[in-house]
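Chemist: I have a structure I would like to understand better, so I am pasting it below and will then ask my questions one at a time.
What follows draws every value from the coordinates through simple rules; no lab data is involved. In this text, all values refer to a predicted model and were calculated from it rather than measured experimentally. Cβ: placed from backbone, ideal geometry, glycine included. Neighbour counts: every protein chain shown.
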Amino acid sequence: MTLSSLTPRPLIAGNWKMNGLAEALDQARAVAAALDARPAAARVAICPPATLLHRLSETLEGSSVLTGGQDCHAKASGAHTGDIAASMLIDAGARLVILGHSERREDHGETSALVAAKVETALAAGLEPIICVGESLAQREAGAALEVVTAQVRESLPASLAGQAFSVAYEPIWAIGTGRTATVADIEEMHAAIRAQLVLIFGEAGKAPPILYGGSVKPDNAVEILRAAEVGGALVGGASLKAADFLAIIAAA
Ligand code: PGA
C-alpha cells in the first residue's frame with residue numbers, strides 16, 4: 001500500500017443534532033454553492049435531523065456535499081417504533097452515519113456493544129460510519145480518559161470494518177456544546193492512542209481511517225485543531241448550523 005492510499009482526504013462533518021426546520025436547507029444550499037465555486041480540500045458532509053434528510057439530499061444533489069444520518073437501528077428492519085433503519089438512510093440519500101455519539105450513549109443508554117452492532121448494520125447497508133468515542137469530565141479528572149476511550153474504540157469497532165471506509169470521532173463530552181475545547185496536546189495524545197488501537201485491531205490498514213476531533217470546533221480554533229498531529233477532520237455541532245461558520249471551518253482543513 002502506498003502512503004497516499006493510506007492518507008484519505010480529511011472529513012468535515014456537520015452534526016445538526018435536533019436542530020433544523022425546512023428553512024435550514026438554505027444554509028446547506030449556501031455551503032454547497034460556496035464549495036462549488038471554490039472546492040474544498042476536505043470531504044464535506046452534513047448530518048441533519050432525519051426529517052430533513054431526504055430533502056437535504058435532494059437539495060445537495062450534484063454538489064460535493066454529502067449527507068449523513070445521526071443514528072440508525074442495530075436491526076436491518078422490523079417492529080421498532082420511532083427508529084430508523086440503515087437502509088432508510090440510504091434510501092433518503094445518505095452516504096454516512098454518525099454512530100455512538102455521546103448524546104446517544106447518555107440519553108439512550110447506548111453501550112459500545114450496541115454501537116458495534118449498529119456499525120455492522122450500517123456497513124451492510126452501504127453506509128460509511130463515523131464512530132464517536134469520548135470521555136466525561138469526571139473520567140478525565142480521574143486520569144482515566146485514555147483507558148476509557150481506547151476501550152470504547154476496541155468495543156465499538158467490529159472486525160467487519162476491516163477494509164471499509166470509516167472514521168472515528170474523538171469527542172470529549174465536556175467539550176461538546178460548552179465552548180471548551182481540549183488542548184492541542186490533549187487532542188494529539190488521544191488521537192495517537194486511538195491510532196495505536198486502530199493499528200492493533202486492523203494492522204497496517206488501521207493507519208488509514210481519519211480520526212476526527214469534535215467538541216466546540218469553531219472558525220477561530222479550527223486551524224490549530226485541524227493542524228494537530230493525527231487530526232483527520234472534525235465533527236462540528238453548533239458551528240455547522242450557520243453556513244459562514246461551517247465554511248470557515250471547512251477552509252481550515
Ligand atoms: P459542538 O458539537 O461542536 O456543538 O460542540 C460537536 C458534536 O457533538 O458533534
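Chemist: Which residue, chosen from A124, G134, S102, occupies the Cα position most advanced towards the positive end of the dipole of the stretch 61-151, where the dipole is computed from +1 (Lys, Arg) and -1 (Asp, Glu) charges on Cβ about the Cα centre?
Modeler: Looking along the dipole axis, the top candidate is A124.
Chemist: Continuing with the same structure: 5 Å is the cut-off here: which amide hydrogens, built 1.01 Å from N in the peptide plane, fall below it relative to L66, excluding neighbours closer than 5 in sequence?
Modeler: Close amide H contacts, sequence-distant or interchain: V44, A45, I46.
Chemist: Another question, then. How far apart, in nm, are two points set 7 Å out from the Cα along the Cα-to-Cβ line at A185 and at A244?
Modeler: Roughly 3.5 nm, to one decimal.
Chemist: Here's another thing I want to ask about it. Treat every Asp and Glu Cβ in the chain as -1 and every Lys and Arg Cβ as +1, leave all other atoms uncharged, and give the resulting dipole magnitude about the Cα centre to the nearest 20 debye.
Modeler: 380
Chemist: OK, next. Out of residues 5 or more away from V236 or on other chains, whose amide H comes under 5 Å of its own, with H placed 1.01 Å from N in the peptide plane?
Modeler: Long-range HN contacts for V236: A13, G14, N15.
Chemist: Taking 8 Å as the Cα distance limit and 6 or more residues as the minimum spacing, I'd like the relative contact order of the chain as a percentage.
Modeler: For the chain, the relative contact order is 21 percent.
Chemist: What full-extension length gain, to one decimal in nm, is calculated for S160 and K75 as 0.36 nm per residue of separation minus the Cα-Cα distance?
Modeler: Length difference between fully extended and current span is 29.0 nm.
Chemist: If you bin every alpha carbon distance in the chain into 5 Å steps from zero, what whole percent lands in each bin?
Modeler: Percent of Cα pairs in each bin: 1, 7, 15, 19, 21, 18, 13, 6, 1, 0.
Chemist: Can I ask one more? Per DSSP H run of at least 4 residues, take -39500 (n - 2.57); add these up for the chain, divide by its residues and hand me the 222 nm value, nearest 500 deg cm²/dmol.
Modeler: -12000 deg cm²/dmol
Chemist: Hey, another quick one. Where Lys and Arg each count +1 and Asp and Glu each count -1, what net charge lies around D220 among other residues with Cβ under 15 Å from its Cβ?
Modeler: Overall, the nearby charge balance is +2.
Chemist: For A229 and E58 in one chain, what is 0.36 nm times their gap in residues minus the Cα-Cα distance, to one decimal in nm?
Modeler: Taking 0.36 nm per residue and subtracting the Cα distance, the gain is 58.0 nm.
Chemist: Another question about this same structure. How much length is gained if the chain between E106 and A37 is pulled fully straight, taking 0.36 nm per residue apart and subtracting their Cα-Cα distance, in nm to one decimal?
Modeler: Contour length minus Cα-Cα distance gives 20.8 nm.
Chemist: Now for a different question. What size of dipole, in debye to the nearest 20, comes out for the stretch 1-114 about its Cα centre when the only charges are +1 on Lys and Arg C-beta atoms and -1 on Asp and Glu C-beta atoms?
Modeler: 380
Chemist: If you take the square roots of the eigenvalues of the alpha-carbon gyration tensor of the stretch 111-166 and sort them as a ≥ b ≥ c, do you get rounded (a/c under 1.5), prolate (a/b over b/c) or oblate?
Modeler: The shape class here is prolate.
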